[in-house]
Amino acid sequence: MSGASGTPSPNMASTPPRAILGDYATQLWAVAGAEIAKLRHDPLDLFTRAVQPVLWLLFFGQVMGRVRGMNTGGLSYEDFLAPGILAQSVLFAAIFYGIAAIWERDLGILQRYLVSPAPRSALVAGKAMSSAIRGLAQAFIVYLITLVMGADINLDPVDVLGVALFIAMGSALFSTFSLIIACIVKTRERFMGMGQVLTMPIFFASNAIYPINLMPRWLQILSHGNPLTYQVDAMRALMLKGGTSALGLGLDFGVLAAITLVFTLIAGRMYPRMGA
């Protein structure tokens, strides 16, 4: 398939495309499987990460729900908030995903990845896949919490699958973005500082906790350039009874897919340099 440098071997031209895709999928799943195994050995991590969404829904949602004049499209504020907090929990988990790559470099695991025949894009995509699976597991917990709290959740199977798709895409997008940051800063201390600097602006410059039309004009412009806005918009339409997409599900999907692809390609080129 590929050499350790990620360049094609001479006999690749004679390899059937189906075999190439099969090998790529196998290599991708090998990386993702190693990450998922960590989750199986420490499932408590998911439950501890669910604490923050509960606090947001209970305290922030209950208080802001009393504010009059906030146009939430006919939804109660608690319902309006639920998809945003679900997206927030996925964002906060994914944006710190790159620190695991720094740990892997320090422990020598990254070097073993880089001498494998797997293409660099498969290494990055495998990590994005494992982040998506982690995001879906966390979303299941948040879904249960919102149901218990009485949110008007749409449980139509097709729409639930749609929510799962956008959760997976958002998780993959922000985890590859996190990996790019890790490749740039290369130390745990710098990465933690960058992660903390980035998470809150991404969250607050989106439609997660208030409608875009309430924002000042400069913040509306930032919000339309923020991928979290498109993830929340799609999830709000699919997750809630009576929910609608302000931007269009097709645009939401296209923006997230395009940014994820670009981030994966960039991370694939930068990832090998991290071990230098």
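The values are calculated or read from the model by the stated rules, or taken from the named source; none is laboratory data. Not measured: the values here are computed from a predicted model. Every residue, glycine as well, gets a Cβ built from its backbone with ideal geometry; the counts of neighbours run over all protein chains shown.
Might you check whether a residue that is touching a Gly at 6+ places or on another chain (Cβ under 6 Å), among the basic types (K, R) and touching a residue at least 40 places away in the same chain (Cβ under 8 Å) occurs anywhere in region 127-148? Scanning region 127-148 turns up no residue that is touching a Gly at 6+ places or on another chain (Cβ under 6 Å), among the basic types (K, R) and touching a residue at least 40 places away in the same chain (Cβ under 8 Å). Given the criteria surrounded by 14 or more Cβ atoms within 10 Å (Cβ to Cβ), without any contact (Cβ under 8 Å) to a residue 40 or more places away in the chain, in contact with an Asp or Glu (Cβ under 6 Å, 6 or more places away or on another chain) and more than 25 Å from A101 (Cα to Cα), does D233 qualify? Yes: the conditions hold for D233. Any residue that is among the aromatic types (F, W, Y), part of a helix (DSSP H, G or I), more than 18 Å from the chain's Cα centre (by Cα) and surrounded by fewer than 23 Cβ atoms within 10 Å (Cβ to Cβ) - is there at least one of those in region 212-226? Yes: region 212-226 contains one or more residues that are among the aromatic types (F, W, Y), part of a helix (DSSP H, G or I), more than 18 Å from the chain's Cα centre (by Cα) and surrounded by fewer than 23 Cβ atoms within 10 Å (Cβ to Cβ).
Applying a threshold of 9 Å to beta carbon distances and a minimum spacing of six or more residues, or different chains, the list of pairs starting in region 70-82 at a residue that is over 16 Å from M235 (Cβ atoms) and modelled with pLDDT under 85 and ending at one that is surrounded by fewer than 16 Cβ atoms within 10 Å (Cβ to Cβ) and of a type in the set (S, T, N, Q) reads N71/N213; G74/T244.
Can you tell me which residue within region 181-198, out of those that are in contact (Cβ under 8 Å) with a residue 60 or more places away in the chain and surrounded by fewer than 18 Cβ atoms within 10 Å (Cβ to Cβ), is nearest to R269 (Cα to Cα)? Quick ask: steps written out before the conclusion?
Of region 181-198, the ones in contact (Cβ under 8 Å) with a residue 60 or more places away in the chain are 181-184, 186-188, 191-192, 195, 198.
Retained after the next criterion (residues that are surrounded by fewer than 18 Cβ atoms within 10 Å (Cβ to Cβ)): 184, 186-188, 192, 198.
Numbers: I184: 12, K186: 15, T187: 19, R188: 21, M192: 22, L198: 22 Å.
Checked region 181-198; the qualifying residue nearest to R269 (Cα to Cα) is I184.
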